[in-house]
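Below is one structure; the comments refer to it alone.
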Amino acid sequence: MDEKERQRILESAPVGTFALLAVVLGSMVIAWLFLYFGVFIPRGIIH
Amino acid sequence: MQIELLIQKCQNLIGQAVDFVHDFIRQSRSVHIDDLERKWINITLSVIGLMIVIIVLDALIHNIRPPSKVETIDSARLHLSKEFAESNLGVQLDGNGDVIVRMVAGRYSFFPKHIAVPAETKLTLRWVSMDVLHGVHIPMTNMSTMIIPGYVAEITTSFPKPGEYPVLCNEYCGLGHNHMWSNISVIAKEDWKAPVQNFAKKEPDNG
């Protein structure tokens, strides 16, 4: 790897990190929505 | 006079809280936050905010609210009360045709020990304690509340699925707490038969 490519990698956005972040956060949001609307609400609404 | 003092104290507290928030924002702006950290913080706070917004909107749409009525009762004289005398406990229909369930919690069971209610029907469950602090939870449903001596705990909900459910105590009440339970049968709406029983209305607030 030459110096130019190394600099390019260092200065570019961390795409891989963002992709991992999106997958993990997206999974957490989907799981939360499933538990709230699929399990909690169908068990009966409290008044 | 006391209310004026209370209002004064609340105003002072709100003022202190506002000053605290202003100081916090000013100090956090003086701290360097990397762009990536800022993005991460914004995304995380957005996700939390989204969840809070969903919960609030759903509560407004479905009229979900925690019980907030304060209704007192003399826990030492339940057997002498009209509403929670032993002969009046269990499942009944009120004057409007709504299903009301009256239960007494006492060490170490819930009385009556077995009740049958219809599924997919609005139920009003009224719980009282005859001795100490209890909690009641019906697993696989959202029926869960504290039963505090001296107060009537009222929950309005419906049980969507027919089946046999335990009624458990989830607040430590003594050495027999782990054995404190009873049963509830949730029967399909079309198969459930309303009990033929005279009902006693709610008593006026004893507090």
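The values are calculated or read from the model by the stated rules, or taken from the named source; none is laboratory data. Remember, predicted model here, so these are calculated numbers, not experimental data. Reconstructed Cβ throughout: ideal geometry from the backbone, glycine too, with neighbour counts over all protein chains shown. Remember, those area values only see protein heavy atoms, side chains included, never the ligands or the DNA or RNA. Shrake-Rupley method; radii C 1.70, N 1.55, O 1.52, S 1.80 Å.
Scanning the range B:63-109 for residues that are part of a strand (DSSP E or B), open to solvent by 10 Å² or more (accessible area, probe 1.4 Å) and either within 14 Å of chain A (Cβ to nearest Cβ) or of a type in the set (Asp, Glu) (or both) returns a single hit, B:ILE100. The condition of being over 13 Å from B:ILE184 (Cβ atoms), open to solvent by 10 Å² or more (accessible area, probe 1.4 Å), of a type in the set (Lys, Arg) and modelled with pLDDT of 90 or more does not hold for B:ARG126. Restricting B:ASP191, B:ASP131 to residues that are among the acidic types (Asp, Glu), modelled with pLDDT under 95 and farther than 24 Å from B:ASN96 by Cα narrows the list to B:ASP131.
Only residues that are open to solvent by 60 Å² or more (accessible area, probe 1.4 Å) and within 21 Å of the chain's Cα centre (by Cα) were counted in the range B:179-192, giving 1. Hey, could you check the range B:19-62 for residues that are among the polar types (S, T, N, Q) and over 30 Å from A:LEU20 (Cβ atoms) and say which is surrounded by the most Cβ atoms within 10 Å (Cβ to Cβ)? If we take residues in the range B:19-62 being among the polar types (S, T, N, Q) and over 30 Å from A:LEU20 (Cβ atoms), then B:GLN27 is surrounded by the most Cβ atoms within 10 Å (Cβ to Cβ).
Every condition in (1) buried (at least 17 other Cβ atoms within 10 Å of the Cβ); (2) at pLDDT below 95 holds for B:VAL167 except the one numbered (2).
To keep it simple, each residue is scored yes or no on (1) touching a residue at least 60 places away in the same chain (Cβ under 8 Å); (2) assigned to a loop (DSSP other than H, G, I, E, B); (3) on the phi < 0 side of the Ramachandran plot.
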{"residue": "B:VAL132", "(1), (2), (3)": "no, yes, yes"}
{"residue": "B:GLY135", "(1), (2), (3)": "no, no, yes"}
{"residue": "B:THR145", "(1), (2), (3)": "yes, no, yes"}
{"residue": "B:PRO149", "(1), (2), (3)": "yes, yes, yes"}
{"residue": "B:PRO160", "(1), (2), (3)": "no, yes, yes"}
{"residue": "B:ASN178", "(1), (2), (3)": "no, no, yes"}
{"residue": "B:SER182", "(1), (2), (3)": "yes, no, yes"}
{"residue": "B:LYS189", "(1), (2), (3)": "yes, yes, yes"}
{"residue": "B:LYS193", "(1), (2), (3)": "no, yes, yes"}
